[in-house]
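Heads up: the structure comes next, in structure tokens.
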Amino acid sequence: MPELPEVETIARNLQRKIGGKRIAAVAVYWDRTIACPARALFTKKLAGAKITRIDRRAKYLRIELSRNGKQQFMLIHLRMSGVLEIESRNYKPAKHDRVILSFADGKKLVFNDTRKFGRIYLVDDHSRITGKLGPEPLDPELDPERFYAMLRLKKGAIKPLLLNQAFLVGIGNIYVDESLWRAKIHPLTRANRISKLRVPKLLQAIRQTLSEAIENQGTHIGDGVVAWGRYVPRVYQRDGHGCPRCRTTIKRIVVGQRGTHLCPGCQKR
């Protein structure tokens, strides 16, 4: 599943390629892809809308639209297998295409989703969908003091907590493992047991990991969803290999039903 760096990369690419374009027509091939509103209203409200901005909130692509002077937002969550492609005027729908937006210049934005888990929302206020999510890890307002206060309230293991989008957004299995390795923190460490001295290092590790991944356009792990990523994980799916820092063999365990990779030498409980 695309995480923050991959979604950020997609948002930047789409802003460059289709920002400012006007939607001429909408085709929906799988109704359940549209989470809200109903299909008929979805297509009606999108026809004639102009894309004014594309960015990201958490793991959602956020497409800001203007239609008849009114602002609206299309939020896209790619989930496990969602892919967005820009196609030419002559493009013919493929087997797993779920939604196609046709622009006034003939180009098309195609949402292809093999496993049908992806969802699209069209709302007047994006906080209706994203309002209960946690803070952005790269937001400067999330300082070490605030992060420490957040952690002090949580008794559970740090890895499942960092995966919880209501606590902190955008980080999935790949970048949690990478961040905890960078911070030298064991994934099963209780969140409220992380000392005040170590919290800034954890926050810095998360930010360094995400920033490096964004710079490299995400991670390609062979699932066909993010084929362009150049970020090379240090520990994620590297069990059996030597730790880049201390050469201890990387180990795979299960934490909260999620495969988890760590260095037993660097990340002691």
Among the candidates LEU75, LEU4, residue that is within 26 Å of ASN164 (Cβ to Cβ) and either in contact with a strand residue (DSSP E or B) (Cβ under 7 Å, 6 or more places away or on another chain) or surrounded by fewer than 19 Cβ atoms within 10 Å (Cβ to Cβ) (or both)
LEU75
Out of the residues in the range 242-255 that are surrounded by 14 or more Cβ atoms within 10 Å (Cβ to Cβ) and of a type outside the set (A, V, I, L, M, F, W, C), state the one that is farthest from LYS184 (Cα to Cα).
ARG252
Starting from residues that are of a type outside the set (Asp, Glu) and closer than 16 Å to GLN15 by Cα, keep the ones in the range 86-101 and report whichever is surrounded by the fewest Cβ atoms within 10 Å (Cβ to Cβ).
ILE86
Every pair of residues 6+ apart whose Cβ atoms lie under 6 Å, when the first sits in the range 258-269 and is without any contact (Cβ under 8 Å) to a residue 24 or more places away in the chain while the second is surrounded by fewer than 16 Cβ atoms within 10 Å (Cβ to Cβ) and not small (Gly, Ala, Ser):
PRO264/THR248; GLY265/CYS246; GLY265/THR248
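Kindly indicate the residue of the range 165-183 that is farther than 22 Å from THR9 by Cα and within 15 Å of the chain's Cα centre (by Cα) and also surrounded by the most Cβ atoms within 10 Å (Cβ to Cβ) among those meeting that condition. Show your work before the answer.
Within the range 165-183, the subset farther than 22 Å from THR9 by Cα is 166-167, 180-183.
Keeping just the survivors that are within 15 Å of the chain's Cα centre (by Cα) gives 166-167.
Details: ALA166: 9, PHE167: 18.
Ranking the candidates gives PHE167 first.
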Scan of the range 1-24 for residues that are among the polar types (S, T, N, Q) and in contact (Cβ under 8 Å) with a residue 40 or more places away in the chain, ordered by number
THR9, GLN15
When you scan the range 54-69, how many residues do you find that are surrounded by fewer than 21 Cβ atoms within 10 Å (Cβ to Cβ) and either outside any strand (DSSP E or B) or without any contact (Cβ under 8 Å) to a residue 12 or more places away in the chain (or both)?
2
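Which of the residues belonging to the range 184-223 are on the phi > 0 side of the Ramachandran plot, touching a residue at least 60 places away in the same chain (Cβ under 8 Å) and under 23 Å from the mean Cα position of the chain (by Cα)?
The initial filter retains those residues of the range 184-223 that are on the phi > 0 side of the Ramachandran plot, namely 184, 217-218, 222.
Okay, now just the ones that are also touching a residue at least 60 places away in the same chain (Cβ under 8 Å), so 184, 217-218.
Result: GLN217, GLY218.
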Residue ranges of strands (runs of 3 or more DSSP E) in the range 73-162 with at least 3 members more than 20 Å from PRO5 (Cα to Cα) and touching a helix residue (DSSP H, G or I) at 6+ places or on another chain (Cβ under 9 Å):
97-103, 119-123
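Where a number appears in this text, it was derived from the coordinates with a stated rule and is not lab data. Not measured: the values here are computed from a predicted model. Every residue, glycine among them, receives a Cβ derived from its backbone with ideal geometry; neighbour counts consider all protein chains shown.
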